[in-house]
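The block underneath contains the structure these notes are about, expressed in structure tokens.
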Amino acid sequence: MKNIYDNILETIGNTPMIRLNKIAEDIPATVLAKVEYFNPGHSVKDRMALRMVEQAEKEGKLKPGGTIIECTSGNTGMGLALAAIVKGYKLICTLSDKQSKEKMDILRAMGAEIYVCPTNVAPDHPDSYYSVAERLNREIPNSFYPYQYDNLANREAHYETTGPEIWEQTEGKITHFVVGVGTGGTISGVGKYLKEKNPNIKIWGADTYGSVFKKY
């Protein structure tokens, strides 16, 4: 039947673009927001979480009944949880102890097993949430560790979906794209697509003080 989806994963993407009237009233330009919290997991991370799972399935890295293991601050975990529920996988998330109890509770409610790791350790420390995820991946049979920070499916999800959506919604009139840097997937994927359409489009990344990207 028309407009009925087979599962929740099919509702990811095609999020609305909304004009910012009040907050941008003093800016002599049309300012639009791509409302990614309309995704079922309430963030842009749903796109790349699903793409990483689908790519792993195609490459044989994720097999039926397998376990997905990922280090996350919460949003990618939510996207992976949705995919795991629909596709029948187990999910284990490693999080730093600075994440909110609410995020952890939501992930647990979505069926994820949670490992809480200390924040004040180096990334290569055995107890960091990166290292714990790597160790669990080695120890658990039939497991897959997407590692969103170094997975090209992250970028590809935005090159193939978010970028084209923005181009079409703005009828190709977009002049500037401003986005939080995060893992780099959104800015690189969307930026690549938009630059191919119009090399004059400006791509601006915003990140927190102390960002590892500052040196670039």
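The values are calculated or read from the model by the stated rules, or taken from the named source; none is laboratory data. None of these values were measured; they are calculated from a predicted model. A quick note on method: Cβ atoms are made from the backbone with ideal geometry, for glycine too, and the neighbour counts reach across all protein chains shown.
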Give the residues of segment 106-128 that are surrounded by 18 or more Cβ atoms within 10 Å (Cβ to Cβ) and more than 23 Å from Ile85 (Cα to Cα), sorted by residue number. Cys117, Ser128
So is Lys58 out of contact with any strand residue (DSSP E or B) (no Cβ under 6 Å at 6 or more places or on another chain) and without any contact (Cβ under 8 Å) to a residue 24 or more places away in the chain or not? yes
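For every residue, the table says whether it meets (1) touching a strand residue (DSSP E or B) at 6+ places or on another chain (Cβ under 8 Å); (2) surrounded by 15 or more Cβ atoms within 10 Å (Cβ to Cβ); (3) under 23 Å from Ile12 (Cα atoms).
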position: Ser100; (1), (2), (3): no, no, no
position: Gly163; (1), (2), (3): no, yes, yes
position: Ile166; (1), (2), (3): yes, yes, yes
position: Gly189; (1), (2), (3): no, yes, yes
position: Lys192; (1), (2), (3): no, yes, yes
position: Thr208; (1), (2), (3): no, no, no
position: Phe213; (1), (2), (3): yes, no, no
Of (1) assigned to a helix (DSSP H, G or I); (2) closer than 23 Å to Glu57 by Cα, Pro141 satisfies every one except (1)
Looking at segment 189-198, can you tell me whether even one residue there is of a type in the set (Phe, Trp, Tyr) and modelled with pLDDT of 95 or more? yes
Restricting to segment 17-35, what's the tally of residues that are under 22 Å from the mean Cα position of the chain (by Cα) and without any contact (Cβ under 8 Å) to a residue 40 or more places away in the chain? 3
Looking at the structure I just gave you, is Ile174 in a loop (DSSP other than H, G, I, E, B) and surrounded by 15 or more Cβ atoms within 10 Å (Cβ to Cβ)? yes
Search result, residues across segment 144-171 that are outside any helix (DSSP H, G or I) and closer than 19 Å to Thr30 by Cα: Thr170, Glu171
Determine whether segment 184-195 contains at least one residue that is of a type outside the set (S, T, N, Q) and assigned to a loop (DSSP other than H, G, I, E, B). yes
